[in-house]
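The values are calculated or read from the model by the stated rules, or taken from the named source; none is laboratory data. This one's a predicted model, so the numbers in the text were calculated from it and none came from an experiment. Neighbour counts run over all protein chains shown; Cβ positions are idealised from the backbone, glycine included.
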Amino acid sequence: MNTKAEYLQFRTSLFEELDAARACFDLYLHLTKQLDESTDIYLEALPFFQLTLHSLSRTAMAILTNVFEMRLEENFDISKYSDNLKRVPKKSKAKTIHKFLSGLDSNHKIIFKKDEPKPNYECIKRLVKDHQKLIEEHSNTIQTLMHRRDKYFAHLDSKYFNSPSLLDETAPIFSSQFLDLIEVGYQILNESPGGPLTMYAPVKKGYKEALDRLFFKVKEYNEKLASTIPMEKITTTKYEWDFDLLNNIKAKQDEEINKKKPL
């Protein structure tokens, strides 16, 4: 990242990746809700919807993990979440948000050498440090995402091969954590030199409405025809997010926190 053009392209590409992760995850949640409320449509296209849910959830997980991927200098024990370990970005050729910040920190004088007036270089360095600290505050979420990806999505670990739901017990990721991490990425990229990145916002606002229109049309069509498929209550497979299980885990965590609070 030695030119301003390279810097701006890096920044835009990361923003696009975050946008894609957000779109996939939002649509996954929205489609799950629609299918839970529309058992008839789910039954009529069961293989398609199962594969779609599967693809959306895994794609969202893979994209966000790749953007924030970082490694530890020591082996990370997912069950302990020790804050004493020093976390460092993964050293590789992978394009991550860590590499973006590192490049901005090291090469900002080269990147903006032709700018007039000259930017405040000290301000840029402080901003990079603030952003790195912001990522550090979410490092447990990042490590959990990596654990889930490495143990089940990238490789089939024997512990989770026959029981993938164990991931939600040993390394739970709540939807709020997932979305918070995306917002952290948005904040970092938008606050970095180059102006706000909002050109993809209109795309993000259209897919839910498109899905709603599709479901409305199918329901309208079904009302005109006698259903040939027996109706029964089906629980939609949640794949990577078992929401009932996660809600129970979150409730237990909150209960433990409240017990430790002073009266």
Practice prompt. Spot the failing condition for Phe68; the list is (1) modelled with pLDDT of 90 or more; (2) aromatic (Phe, Trp, Tyr); (3) out of contact with any helix residue (DSSP H, G or I) (no Cβ under 9 Å at 6 or more places or on another chain), and only one is missed.
Written response: (3)
Worksheet item: Which of the residues that make up segment 10-54 are of a type in the set (Ser, Thr, Tyr), surrounded by fewer than 18 Cβ atoms within 10 Å (Cβ to Cβ) and either at pLDDT 85 or above or in contact with a strand residue (DSSP E or B) (Cβ under 7 Å, 6 or more places away or on another chain) (or both)?
Response: Thr12, Ser13, Thr52
Worksheet item: For Phe178, all conditions in the list (1) at pLDDT 85 or above; (2) over 21 Å from the mean Cα position of the chain (by Cα) hold save one; what is the number of the exception?
Response: (2)
Worksheet entry | Number of the exception - Ala94 against (1) farther than 25 Å from Glu136 by Cα; (2) loosely packed, with under 14 Cβ neighbours inside 10 Å; (3) modelled with pLDDT under 90; (4) not acidic (Asp, Glu) | (1)
Discussion item. Go through (1) modelled with pLDDT of 95 or more; (2) loosely packed, with under 12 Cβ neighbours inside 10 Å; (3) within 21 Å of Ala5 (Cβ to Cβ) for Pro117 and report which single condition fails.
Written reply: (1)
Discussion item. Looking at segment 48-65, I want the residues that are more than 16 Å from Lys95 (Cα to Cα) and have a partner that is of a type in the set (Asp, Glu) with Cβ atoms under 7 Å, at least 6 apart or on another chain. Which pairs are those?
Written reply: Ser57/Glu240; Arg58/Glu240; Met61/Glu240
Discussion item. Of the conditions (1) under 16 Å from Leu101 (Cα atoms); (2) of a type outside the set (A, V, I, L, M); (3) touching a Phe, Trp or Tyr at 6+ places or on another chain (Cβ under 9 Å), Gln132 satisfies every one except a single condition; which number is it?
Written reply: (3)
Worksheet item: Restricting the search to segment 92-131, which residues are within 13 Å of Met70 (Cβ to Cβ) and part of a helix (DSSP H, G or I)?
Response: Ile97, His98, Lys99, Phe100, Leu101, Ser102
Item to complete: May I ask you to verify whether Ser106 is over 21 Å from the mean Cα position of the chain (by Cα), surrounded by fewer than 16 Cβ atoms within 10 Å (Cβ to Cβ), small (Gly, Ala, Ser) and at pLDDT 80 or above?
Response: yes
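It is to be established whether one or more residues within segment 214-234 are at pLDDT 80 or above, under 18 Å from Thr59 (Cα atoms) and part of a helix (DSSP H, G or I). Break it down into steps so the answer makes sense when it comes.
Of all residues in segment 214-234, those at pLDDT 80 or above come to 214-216.
Checking which are under 18 Å from Thr59 (Cα atoms) leaves us with none.
No, because not a single residue in segment 214-234 is at pLDDT 80 or above, under 18 Å from Thr59 (Cα atoms) and part of a helix (DSSP H, G or I).
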